[in-house]
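No value in this document is a laboratory result; all are computed from the given coordinates. The shown structure was predicted, so the numbers you read here are calculated from the model rather than taken from an experiment. Cβ: placed from backbone, ideal geometry, glycine included. Neighbour counts: every protein chain shown.
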Amino acid sequence: MAIQKKILITGGAGNIGSSLASKLLVNPSNYVVVVDNLSTGSRSKLPAATLSNFQFIKADANQFNELASIMLSYQFDYVFHYAAVVGVSRTLENPVMVLKDIEGIRNVLDLSKNTGVKRVFYSSSSEVYGEPVTIPQYEETTPLNSRLPYAVVKNVGEAFCRSYYQEFGLPYSVFRFFNTYGPGQSEDFVVPRFLRAAMQAEPIHIYGDGSQTRTFCYVDDNIEATMAIMDDPSSLNQTVNIGSDEELSILELAKLVKQVSGSTSPIVHLPPLKEGDMARRKPDISRMKNYLAKPLITLEQGIALLHQSYLKEK
């Protein structure tokens, strides 16, 4: 079968990027190249290296020369720019490293406009909303009230996408990812951290009183929505919240994890984080739902799926 689409995924050895690569590779007409410097990603998450329509290249998207040689060689049709420093604690501890991701955004956009890329897909974040001004959080509402370097960089990345479209006609889609969990997510993040602790009957630690709310999207729903957007010309130059609208507190999450896993773990409260732990998160996902052919996986169903995947590791 002739190759129809050449697709680059930067940061493709992470949770969402690797899941996207695996799903794209189901179609043999897609040729997928993953670029990752493996600073937080893992080779173990990557698709099988024996696949004829897959290539992994260890490289840093923030280094222009490294990325330029790859993009000039392959002449990609689509680019998913998912490479970034992620995680509240990691981004707070490495603020300068976070700011360097601006270089990667510029590199991807400069090279995309010069090599005939048909569309760039940029992974933004719920952090652009800062402390909520409206609930639910709509794509048109970005208060710019967060001082965290990670949120600032994601806002800058969105502005770059819009600017490159306005000046150079480079099409884009911005995905504002809310918490997305699944078997490939590292234990820096709350759902796998809680579930691993629960399965080992260890204390589940919560910052503050646990009243802060979040929504949690199972990775399969994320991938289904983003791939549908890729194939829909009407979605060009849009920003789309990608997540769940099932809001619950972190304390409720801990109790649900215990319930699903049958755990006896105690819930232990730690002092609140000094910054970065926003009070509420709940996206409006009307746009996302337009691209889904089925209801979202509920949090209880998703935790059960993750629990089963962890049990298989034993």
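Side notes on the structure shown:
- 5 angstrom amide H check on D284, placed H, neighbours 5+ away: Q137, Y138
- Among M278, L251, L305 - extreme Cα towards positive end, dipole of the stretch 218-314, charges at beta-carbon: L251
- The stretch 194-252: relative contact order as a whole-number percent, Cα under 8 Å and 6+ apart: 50
- For the pair E202 and A228, the difference between a 0.36 nm per residue extended length and the Cα-Cα distance amounts to 5.4 nm.
- Along the stretch 42-48 the Karplus relation, 6.51 cos²θ - 1.76 cosθ + 1.60 evaluated at θ = phi - 60°, assigns HN-Hα couplings of 9, 4, 5, 8, 6, x, 4 Hz to successive residues, with x for each Gly and Pro.
- Computed E for E187/N114 - FRET, C-beta separation, R0 35 angstrom, nearest 0.05: 0.35
- Over the chain: Rg over Rh, Cα atoms, Kirkwood Rh: 0.95
- Out-of-range pairs (alpha-carbon distance over 30 Å; input K58/K255; K5/K154; K100/K289): K58/K255; K100/K289
- Tilt relative to the chain, helix 219-230 - C-alpha long axis, 0 to 90 degrees, to 10: 30
- A prolate overall shape is assigned to the stretch 1-144, the ratio a/c of its alpha-carbon gyration tensor axes (a ≥ b ≥ c) being 1.5 or greater and a/b exceeding b/c.
- 0 to 90° range, to nearest 10: angle between helix 250-261 axis and the chain longest Cα axis: 80
- Estimated 222 nm signal from helices in the chain, with DSSP H stretches of n ≥ 4 weighted -39500 (n - 2.57), rounded to 500: -11500 deg cm²/dmol
- Pairwise label distance in nanometres, A48 with K294, each label 7 Å out on the Cα-Cβ vector: 2.4
- Helix 149-168 axis versus longest C-alpha principal axis of the chain: approximately 30°, rounded to the nearest ten.
- For the stretch 167-236, fraction of C-alpha pairs farther apart than 18 Å, in %: 56
- Ranked by how many other Cβ atoms sit within 10 Å of their own Cβ, fewest first, the residues Y31, Y129 fall in the order Y31, Y129.
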